[in-house]
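A short write-up of the structure that comes next.
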Amino acid sequence: MSKKVMIFVGTSKGGFIFSSDSKRKKWQVGDIQFKSWNVMHMQLDSRDNRLHAAVNHIVYGPTAHYSDDFGRMWTQAKQVPAITRASKSGRPLGTPQEAERSAEGANVESQPEKLIKVWNIKPGRESEAGVLYAGAEPACLFISKDRGETWALNEGLFDHPHRGTFFPGNGGLCLHTILLDPTNDKRMYVAISTGGCYRTDDGGQTWNPFNKNVRADFMPDKFPEYGQCVHKMAMHPASPNVLYQQNHCGIYRSDNAGADWIDIGDGKLPSRFGFPIAVHPTDPKTIYIVLEESDEYRMSVDGKFAVWRSRDAGKSWQRMSKGLPQRSHLDVLREAMATDSFEDAGIYIGTNTGQLFCSRDSGDSWELMADFLPPIHSVEAAVVE
């Protein structure tokens, strides 16, 4: 049976689904999904081919939807992810100063937090039939046990005493990354901006920060226990103890399940600032990043768009730019990079100005796949029979 490649693109004005055969040379695109809605993320669950979408609307708010026919028809979750109570930690969100002011004389338990945005939907492990996870703003995690039809708040993370000290970055106080250890059903990771990397080893009942040696230049303590601004994290299922992250303050790798981190970009790359990171589908040591000039100038380094690739887990880097615009000032958001599952991997990148780029040779060369889309929030790839 022939294989079909599908690329799911979430934008500020709707979702787009591109499809091609395994050669990935000619692409077709269907009708816009959720027209005029903010589609943060679309993710195909390979276990049952159900497509999930994290969708937000300026009037109707955040919702989750699912489709069993690749986007022809959508069903809204019966119970949309929602926060129904305040955190038991007794501290509202915001900067420590804001938290202190807003807590004065307030009954926090009677003031439920408002769900602002659903950022990311993550299918569970093969052993977790029907289970999905969703990361949301403000800094919370949801779980579904019925294939995305209803959702419940993970209270272990929501009640964590650190939450009261988290503060939003430029993109909000978002839980944007969910990584599942394929060898340990009780272990998973989340990344929060701004909060850091947290790990659970008991299925989400308790969470601990895992940020040793990761910088936070915007904090008084440059290496705090938590409070780092993780931009995106990645893991290859064949090497679940090896983690990679793009951070507000550098590129890092952990070889021991997050117990400590190694700076793999300092002195090797022209910038320490960027958002997306991805791992090659068949080579756990090959990783891809897109860099930006700086926090202040969030566009291509030196006005030349490029992807940086490492084939040795970050020991050395190669600038990949063949086919990419070299007079450009582009911005790539944290969810806007994906890979398909071929050995000669397809790498897909979307920009905040509506360009979608594709490489069919693991990053050696690139071509423009689509242009004039709305600002791209997310890109995901899937190979289906």
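The values are calculated or read from the model by the stated rules, or taken from the named source; none is laboratory data. Computed from a predicted model, the values in this text were never measured in an experiment. With ideal geometry, Cβ positions are generated from the backbone for all residues, glycine too; neighbour counts draw on all protein chains shown.
Quick notes
- Entirely in the stretch 308-364, the strands (runs of 3 or more DSSP E) that have 1 or more residues that are touching a strand residue (DSSP E or B) at 6+ places or on another chain (Cβ under 6 Å) and touching a residue at least 60 places away in the same chain (Cβ under 8 Å): 337-339, 347-350, 356-359
- Index of the failed condition, ASP340 passing every other in (1) over 20 Å from the mean Cα position of the chain (by Cα); (2) closer than 21 Å to ALA54 by Cα: (1)
- Residue in the stretch 11-25 that is at positive phi and of a type in the set (D, E, K, R) present: yes
- Conditions (1) small (Gly, Ala, Ser); (2) assigned to a loop (DSSP other than H, G, I, E, B); (3) in contact with a strand residue (DSSP E or B) (Cβ under 6 Å, 6 or more places away or on another chain): number failed by GLY204: (3)
Residue by residue, here is whether (1) surrounded by 20 or more Cβ atoms within 10 Å (Cβ to Cβ); (2) in a strand (DSSP E or B); (3) on the phi < 0 side of the Ramachandran plot holds:
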{"position": "SER2", "(1), (2), (3)": "no, no, yes"}
{"position": "VAL5", "(1), (2), (3)": "yes, yes, yes"}
{"position": "VAL39", "(1), (2), (3)": "yes, yes, yes"}
{"position": "LEU44", "(1), (2), (3)": "yes, yes, yes"}
{"position": "ARG47", "(1), (2), (3)": "no, no, yes"}
{"position": "HIS52", "(1), (2), (3)": "yes, yes, yes"}
{"position": "VAL59", "(1), (2), (3)": "no, no, yes"}
{"position": "GLY71", "(1), (2), (3)": "yes, no, no"}
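- Only listed residue being surrounded by 17 or more Cβ atoms within 10 Å (Cβ to Cβ) and either part of a loop (DSSP other than H, G, I, E, B) or at pLDDT 95 or above (or both), chosen from THR183, THR177: THR177
- Qualifying residue in the stretch 207-229 (condition: in a strand (DSSP E or B), free of Cβ contacts under 8 Å to residues at least 60 places away in the same chain, more than 16 Å from LEU173 (Cα to Cα) and touching a Ser or Thr at 6+ places or on another chain (Cβ under 6 Å)): no
- Comparison of ALA64, ALA82 shows that the only residue that is buried (at least 22 other Cβ atoms within 10 Å of the Cβ), out of contact with any helix residue (DSSP H, G or I) (no Cβ under 8 Å at 6 or more places or on another chain) and small (Gly, Ala, Ser) is ALA64.
- Here is the figure for the stretch 190-201: residues that are in contact with a Phe, Trp or Tyr (Cβ under 7 Å, 6 or more places away or on another chain), in a strand (DSSP E or B) and at negative phi total 7.
- Considering residues of the stretch 262-280 that are under 19 Å from the mean Cα position of the chain (by Cα) and either crowded, with 22+ Cβ neighbours inside 10 Å or small (Gly, Ala, Ser) (or both) only, the residue nearest to PHE342 (Cα to Cα): VAL279
- In summary, ASP302 fulfils each of the numbered conditions (1) under 20 Å from CYS249 (Cα atoms); (2) not in a helix (DSSP H, G or I) with the single exception of condition (2).
- Considering the stretch 193-240, the residues that are of a type in the set (D, E, K, R) and under 21 Å from ILE289 (Cβ atoms) include one that is surrounded by the fewest Cβ atoms within 10 Å (Cβ to Cβ), namely ASP217.
- Meets criteria (surrounded by 15 or more Cβ atoms within 10 Å (Cβ to Cβ) and either part of a strand (DSSP E or B) or in contact with a helix residue (DSSP H, G or I) (Cβ under 6 Å, 6 or more places away or on another chain) (or both)) for ARG253: yes
- Some residue of the stretch 261-270 being touching a strand residue (DSSP E or B) at 6+ places or on another chain (Cβ under 9 Å), among the acidic types (Asp, Glu), within 25 Å of MET219 (Cα to Cα) and assigned to a loop (DSSP other than H, G, I, E, B): yes
- The stretch 254-298, subset hydroxyl-bearing (Ser, Thr, Tyr) and at pLDDT below 95, residue farthest from TRP207 (Cα to Cα): TYR297
- Number of positions in the stretch 111-136 that are over 17 Å from the mean Cα position of the chain (by Cα), closer than 20 Å to GLN205 by Cα and not hydrophobic (A, V, I, L, M, F, W, C): 4
- Restricting the stretch 344-385 to residues that are on the phi > 0 side of the Ramachandran plot and touching a Ser or Thr at 6+ places or on another chain (Cβ under 8 Å), the residue that is surrounded by the most Cβ atoms within 10 Å (Cβ to Cβ) is SER362.
- Among the residues making up the stretch 301-320, a single one is of a type in the set (S, T, N, Q) and surrounded by 16 or more Cβ atoms within 10 Å (Cβ to Cβ): SER310.
- Annotation: of all residues in the stretch 137-171 being touching a residue at least 60 places away in the same chain (Cβ under 8 Å) and on the phi > 0 side of the Ramachandran plot, the one that is farthest from the chain's Cα centre (by Cα) is ARG147.
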